[in-house]
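S.K.: Let me give you the structure first, and then I'll get to my questions.
The values are calculated or read from the model by the stated rules, or taken from the named source; none is laboratory data. These numbers come from a predicted model, not from an experiment. Please note: Cβ atoms are built from the backbone with ideal geometry, for glycine as well, and neighbour counts cover all protein chains shown.
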Amino acid sequence: MSAAARLPVIDVAVAVVQRDDGRVLLAERPRGKVSAGYWELPGGKFDAGERAEQALARELREELGVELDAAYPWLTYEHAYPDKRVRLHFFRVLGWHGTPHGREGQRISWEDPQAPSVGPLLPANEKLLKALRLPPVYAITNAGRYGVAEFMARLEQALEGGLRLIQVRETGMAPEQLAQFARRVVTVARRYGARVLVNGDETLARKVGADGVHLQADRLMRLSVPPSTRLWAASCHDARQLARAAALGADFVTLSPVLPTATHPEEPGLGWTKFTRLVHGYPLPVYALGGMRLELLETAMRHGAHGIALLSGIWDRVVAPRAEVRNS
Ligand SMILES: Nc1nc2c([nH]c(=O)n2[C@@H]2O[C@H](COP(=O)(O)OP(=O)(O)OP(=O)(O)O)[C@@H](O)[C@H]2O)c(=O)[nH]1
Ligand SMILES: [Mg+2]
């Protein structure tokens, strides 16, 4: 056991206060505190007997002078400093009242998580910023259902509507056709700054210029070395698979099936209670998958999900102009 592993763990509640424009509230650690001058997310140590949510509400009041209205549990991970270990319980704060101000004399700033203009940030927060860059909706392609031409029109509309993360997964396509399709998806996605993962095949992901690979659970469990693509994710269905993805350092996971799906309507799925239990204390962003619709995003987040993954609930929403599509 390393020295750091022997240190007691300090529980810390941390607030990701995000405005509608996506900017997140960062604060400078005040003089006199450890790591003074570093920027961080507002928050602090649990008081004795406090639950995470209580610590969060108290810290927001003490540090920023705001009252918490709504917060959803998000990631929880540990970080080892040379002299201590902290367990950071991150919450997404979606509702508050009052105007945040540095009540401890600290500077605060609303920052774009993609490119904060203040710094340096506490080293423990790097993973958090990476997670914040992941959008709330993860869409899985379904060209088999629509035909490629119509699917591409629907994809373009979804991108127009804000879609920024896509998985190419087409079980019915021959290798050449799949490569061509994946290339087309990457090309349109680039125009919108959206990222693309290819299901199961790292070589194909590289060949078509995708951002990374999405692995099925059986591959994940056999994996000894994580994929070396910029981004990688895995499908999980139970606690063992979730633990494996975390140990290998995936960027995010999907957890499924949450609700009955169109293809397996007779299977009840995990349900939200079990979903919440599985993701509680989990270090990576989790997309709820199975029976999802865009309307369920808030429900999923309330149960600890980072967002939702959709295979059919997204493309059906888009009514493609059929005549034009046929001619393309
Ligand atoms: N608030 C906050 N703490 C963080 C973050 N990341 C991170 O590693 N930490 C660590 O978690 C611990 C939180 O302590 P804190 O100094 O905020 O605690 P606190 O508000 O209760 O202050 P105090 O008890 O020193 O007055 C610190 O060791 C800090 O380095 C973060 O983003 N926000
Ligand atoms: Mg603090």
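S.K.: Considering only region 70-148, give the strands (runs of 3 or more DSSP E) lying wholly within it that have at least 2 residues that are over 21 Å from G37 (Cβ atoms).
M.R.: Working: elements: 84-97, 108-111, 137-140.
The qualifying strands (runs of 3 or more DSSP E) are 84-97, 137-140.
S.K.: Using the structure shown, decide if R19 is surrounded by fewer than 18 Cβ atoms within 10 Å (Cβ to Cβ), within 12 Å of ligand 1 (Cβ to nearest atom), modelled with pLDDT under 95 and under 27 Å from the mean Cα position of the chain (by Cα).
M.R.: Numbers: surrounded by fewer than 18 Cβ atoms within 10 Å (Cβ to Cβ): yes; within 12 Å of ligand 1 (Cβ to nearest atom): no; modelled with pLDDT under 95: yes; under 27 Å from the mean Cα position of the chain (by Cα): yes.
Taking the combined requirement at face value, the residue does not satisfy it.
S.K.: Quick check on this structure: which one of A153, A139 is touching a residue at least 12 places away in the same chain (Cβ under 8 Å) and either out of contact with any Leu (no Cβ under 7 Å at 6 or more places or on another chain) or within 16 Å of ligand 2 (Cβ to nearest atom) (or both)? First the steps, then the outcome.
M.R.: Working: A139 fails: either out of contact with any Leu (no Cβ under 7 Å at 6 or more places or on another chain) or within 16 Å of ligand 2 (Cβ to nearest atom) (or both).
From the options A153, A139, the qualifying one is A153.
S.K.: Now for a different question. Look through region 32-54, keep the residues that are within 10 Å of ligand 2 (Cβ to nearest atom) and not in a loop (DSSP other than H, G, I, E, B), and return whichever of them is surrounded by the fewest Cβ atoms within 10 Å (Cβ to Cβ).
M.R.: That would be K45.
S.K.: Another question about this same structure. Out of A36, A115, report the one residue that is free of Cβ contacts under 8 Å to residues at least 40 places away in the same chain, within 13 Å of ligand 1 (Cβ to nearest atom) and in the same structural domain as G22 (by TED's automatic domain parsing).
M.R.: Exactly one residue qualifies, and that residue is A36.
S.K.: Kindly indicate which of A71, A57 is in contact with a Leu (Cβ under 9 Å, 6 or more places away or on another chain), more than 14 Å from ligand 1 (Cβ to nearest atom) and modelled with pLDDT of 95 or more. Lay out the reasoning, then the answer.
M.R.: Values: A57 fails: more than 14 Å from ligand 1 (Cβ to nearest atom).
Result of the check over A71, A57: A71.
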